[in-house]
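A short write-up of the structure that comes next.
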Amino acid sequence: MNGPVLSGWIDYDRPHLSALSPSQRIDYFERRVRLVAINPLGRILNTEITPSPDSSALLIFGVSLCCAVEAAGKFVSGGRGANGERFLAFLHKYMAAEYQTSTVGGVTFGEALWVHFRNGLAHGFAVCHGGFERNRGQPYFETNIVAGHESLSLNPSAFFDDFDQGLARYVSELRAAQPTGGLFVDFNSVFDVVFVQGR
C-alpha cells in the first residue's frame, strides 16, 4: 500500500485515513478485514473447531463469520437498510446462489442463516434450527428434519471459503469501479463513517 505506513488498527491509523486515495481506501479495507476477520477465523477453523469434552470454538467461529457477512453488507449497501437487509445484500451478491434459490422450513437459506444462525447465536448462544456440520471437502449445505422442524446445516469450511471468495470478488469489483460509480460511492460513504469518523 503506497502512502503513509498504516498498521490496520484504526485508532492508530485514523489521523491518516481521510487523506487516502480511493485505491488506498480499498487496500486498507481489504487489509483490515483480513487482519480482524479472515485470518483469525481461518486459524480458528484449522486449529480449534474439533469439539473437546469441555469446549468448542465452532459457535464463536459461526457468530463471528455471520457478523463479518453483516459488516461487509454494510459497505455493499452504503449503510442503508436494517441489519438483516445488509446481511442479505452481501450474501446474495457475493456468496453461494443457494442462499437465494434454495429453501428450508419455508424460508430461503439466506433467511435461515440470518434468523437461525446469526440471530440465534448473537441473542441466545445457539443456532435455533440447524447447525455447523461436516468437514472440509464435504457438501456445503444439508437439510434435515430435527424435532419436527426442517433445519439447515452448513459445512463451516465451505461457509468460510465462500465468504473469503465473496470478499475477494467484492474487492475486485471495487478496484474496477469508477470513484463516482454507485458501488464505490456506497463503499466510500461507509468507510468514512466507520473508519474515519468512528461511528
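The values are calculated or read from the model by the stated rules, or taken from the named source; none is laboratory data. Bear in mind that the values here come from a model prediction, so they are computed numbers and not experimental data. Virtual Cβ from ideal backbone geometry, glycine too; neighbours counted across all protein chains shown. With ligands, DNA and RNA removed, areas are computed over all heavy atoms of the protein, side chains included. Shrake-Rupley method; radii C 1.70, N 1.55, O 1.52, S 1.80 Å.
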* To do: For the range 29-72, restrict the atom set to alpha-carbon positions and state the Rg and Dmax in Å.
  => 11.3, 38
* Using a 1.4 Å probe and ignoring any ligands, DNA or RNA, find the accessible area of His92 and quote it in Å² to the nearest 10. => 60
* To do: Would you work out what percent of the accessible area of the range 24-127, with all protein chains in place, is carbon or sulfur (probe 1.4 Å)?
  => 54
* To do: Please say if the range 1-97 is rounded, prolate or oblate, where rounded means a/c under 1.5 for a ≥ b ≥ c the square roots of the C-alpha gyration tensor eigenvalues, and otherwise the choice is prolate for a/b larger than b/c and oblate otherwise?
  => oblate
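Compute the convex hull volume of the Cα atoms of the range 84-199, divide it by the residue count, and report the result per residue in Å³ as a whole number.
Dividing the Cα hull volume of the range 84-199 by its residue count gives 126 Å³.
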* Structure fact -> If the chain between Arg43 and Ser102 were fully extended at 0.36 nm per residue, the gain over the current Cα-Cα distance would be 18.2 nm
* To do: Taking just the C-alpha trace of the chain, give me its Rg and Dmax in Å.
  => 17.7, 58
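Rounded to two decimal places and with Rh computed the Kirkwood way over Cα pairs, what is Rg over Rh for the range 65-126?
0.96
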* To do: Can you tell me the dipole magnitude for the chain around its Cα centre, using point charges on the Cβ only (Lys, Arg +1; Asp, Glu -1), in Debye to the nearest 20?
  => 480
* Quick one: accessible surface of Val107, probe radius 1.4 Å, all protein chains present, in square angstrom to the nearest 10. => 40
* Using a 1.4 angstrom probe on the protein heavy atoms only, line up Ile10, Ile145 by accessible area, largest first. => Ile145, Ile10
* To do: Express the accessible area of the chain per residue in Å², computed with a 1.4 Å probe while the remaining protein chains stay in the model.
  => 50
